[in-house]
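**Student:** Sharing a structure with you now.
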Amino acid sequence: MTVLRVALDDFSANLRAIASRVAPAAHMLVVKDDAYGHGLAPLIRRAWDDGIRWFGAFDVATGTAVRAELGPDPRVFVWVVGTRDEAAAAVREGLDVGVGDAALLEDIARAATDAGTAARVHLKIDSGLHRNGVRPEEWPAFTARAADLERSGAIEVVGVWSHIAEASDAEDDSAREDFDTAWAGALAAGLRPSLRHLAASAAAFARPEFRYDLVRVGAFAYGIRSAGGPDEAALGIRPIAALRSEVATVDDGAVVIGIGALDGLPSTLAGLVEIGTPAGPRRLLRVDAHSSVVEGWTDAAPGDPVTIYGPAETGAPSATTLAEAIGTIGEEIALRVSPLIRRELRRTSGD
Ligand SMILES: *Cc1c(COP(=O)(O)O)cnc(C)c1O
């Protein structure tokens, strides 16, 4: 049996570490992709109980799921709204909408007018990533139009935001200059937003001047460090998930475990990493569809537990350490875990 154990108290500890690191900025917990594959509902429930008041949902479907679980009180931010129906749903659910193009601004305003309400919007400046967002040369017209719509009662502009690559400090610094200029432009257009948000996990931790009012942190909340970045101890976080499987058969010293590529274990890891076993780390030799072969150990027996990734005391690598072996990021390892694998809630990973 393969399970993903998710430790809720460890998650809470990460949330506390983030809160103290980024204060006085607030933490918007990013929960896209089913809370990075950990399972949305129990994690947002715990986060709400721990005092998280902002959730970054990515799309309207996820935003709606957060509302269904937590009710009307949390602020739920979505930034991918593809159709007019989705715009209407976002308004109906009382979501905060990140708006990075002029057409969406009109759709949101129309949906809010139809609903007899004012939509809360956060205007997005493209500060260099070219992944949606309004270009600086279009910003004056965009903010002027937003100010008109605000005066008409259709929208309330509550924030200005952007997303940065977090790849090089120099690029991020230049993005931050564009961001500050956009903020000043929004004020000059007569808008009075109160929220600026720019940073995700890495910049929120490493660069105080990027924190502004809110930081949108996902990965570090789940204990997933950045590939090539500081380790968990330096960040003060720990992985909340352990991907556990067990020995299926032992044949001539070769240990076959019950997890394979179709369960979400990248086959390219074969030969490159070690996993946690009762006898200590052992090399992953081969990954098949629903099973894998691991270097053997004395007394290995069917039913012995193995840990593919997890917190350090499991003897397994972290998701990010696996990712680094194949040139990707820890989030990808977490997101690959098949939704068919049960998420098993625990208090701590030691349970
Ligand atoms: C995913 C995402 C985040 C969170 O990034 P992490 O590195 O996981 O903290 C923040 N902002 C946006 C726009 C995102 O898409």
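The values are calculated or read from the model by the stated rules, or taken from the named source; none is laboratory data. As the structure is a computational prediction, the values presented were derived from the model and not from experiment. Cβ coordinates were reconstructed from backbone atoms using ideal geometry, including for glycine residues, and neighbour counts include every protein chain displayed. Each accessible area value is taken on the protein alone, full model and side chains, heavy atoms only, with ligands, DNA and RNA left out. Shrake-Rupley method; radii C 1.70, N 1.55, O 1.52, S 1.80 Å.
**Student:** Which three extents, in whole angstrom, do the alpha-carbon atoms of the chain cover along their principal axes, largest first?
**Tutor:** 76, 41, 32
**Student:** Kindly report, to the nearest 10 Å², the accessible surface of Leu123 as traced by a 1.4 Å probe over protein heavy atoms only.
**Tutor:** 0 Å²
**Student:** Another one. How far apart, in nanometres, would the label points at Leu187 and Ala68 be if each is projected 7 angstrom from Cα along the Cα-to-Cβ direction?
**Tutor:** Label-label distance for Leu187 and Ala68, simple model: 4.2 nm.
**Student:** With each pseudo-label sitting 7 Å past Cα toward Cβ, what's the Ala103-Asn132 distance in nm, one decimal?
**Tutor:** 1.2 nm
**Student:** Still on this model: For labels at Ala254 and Thr83 in the simple 7 Å Cα→Cβ model, what's the distance in nm?
**Tutor:** 4.9 nm
**Student:** In terms of the ratio Rg/(2.2 N^0.38 Å) built on C-alpha atoms, what value belongs to the stretch 1-160? Don't skip to the answer; put the middle values down first.
**Tutor:** Values: Rg = 16.9 Å, N = 160, 2.2 N^0.38 = 15.1 Å.
Here the answer is 1.12, to two decimals.
**Student:** Is the stretch 134-253 best put as rounded, prolate or oblate by its Cα gyration tensor, with a ≥ b ≥ c the root eigenvalues, rounded for a/c under 1.5, and otherwise prolate when a/b is larger than b/c, oblate when not?
**Tutor:** Details: a/c = 3.32, a/b = 2.44, b/c = 1.36.
Judged from the Cα gyration tensor, the stretch 134-253 comes out prolate (a/c at least 1.5, a/b above b/c).
**Student:** Per residue, how much accessible surface does the chain expose to a 1.4 Å probe? Answer in Å², no decimals.
**Tutor:** Details: 14540 Å² over 351 residues.
On a per-residue basis, 41 Å².
**Student:** From the P(r) of the stretch 109-149, could you give the percentage of C-alpha pairs in the tail past 13 Å? Each step should come with its number before you reach the end.
**Tutor:** On the way: 489 of 820 pairs.
Across the stretch 109-149, Cα pairs with separations above 13 Å total 60 percent.
**Student:** Where the accessible area of the chain is counted over protein heavy atoms with a 1.4 Å probe, how much of it, in %, is carbon and sulfur?
**Tutor:** Working: 7390 of 14540 Å².
Taking all protein chains in place, the chain shows 51 percent carbon and sulfur surface.
**Student:** Let me ask something additional. Tell me what the chain gives for mean residue ellipticity at 222 nm when only DSSP H runs of n ≥ 4 count, each as -39,500 (n - 2.57), the sum divided by the residue total, rounded to 500 deg cm²/dmol. Mind dumping the intermediate values first?
**Tutor:** Numbers: 12 runs with 121 residues, N = 351.
Computed mean residue ellipticity for the chain: -10000 deg cm²/dmol.
**Student:** Which number comes out as Rg/Rh for the stretch 245-351 once both Rg and the Kirkwood Rh are worked out on C-alpha atoms? If you can, show how the numbers build up before the last one.
**Tutor:** Numbers: Rg = 13.0 Å, Rh = 13.9 Å.
Radius of gyration relative to Kirkwood radius: 0.94.
**Student:** Pairing the Cα long axis of helix 60-70 with the longest principal axis of the chain, what angle in degrees results, from 0 to 90 and rounded to the nearest 10?
**Tutor:** 80 degrees
**Student:** Now, a different point. How far, in degrees from 0 to 90, does helix 40-49 lean away from the longest principal axis of the Cα atoms of the chain, to the nearest 10?
**Tutor:** Value to nearest ten degrees: 70.
**Student:** Continuing with this model, one more query. State log₁₀ I(q)/I(0) for the stretch 132-199 at q = 0.15 Å⁻¹ as given by the Debye formula over alpha-carbon point scatterers of equal weight, solvent excluded.
**Tutor:** Log10 of I(q)/I(0), two decimals: -0.49.
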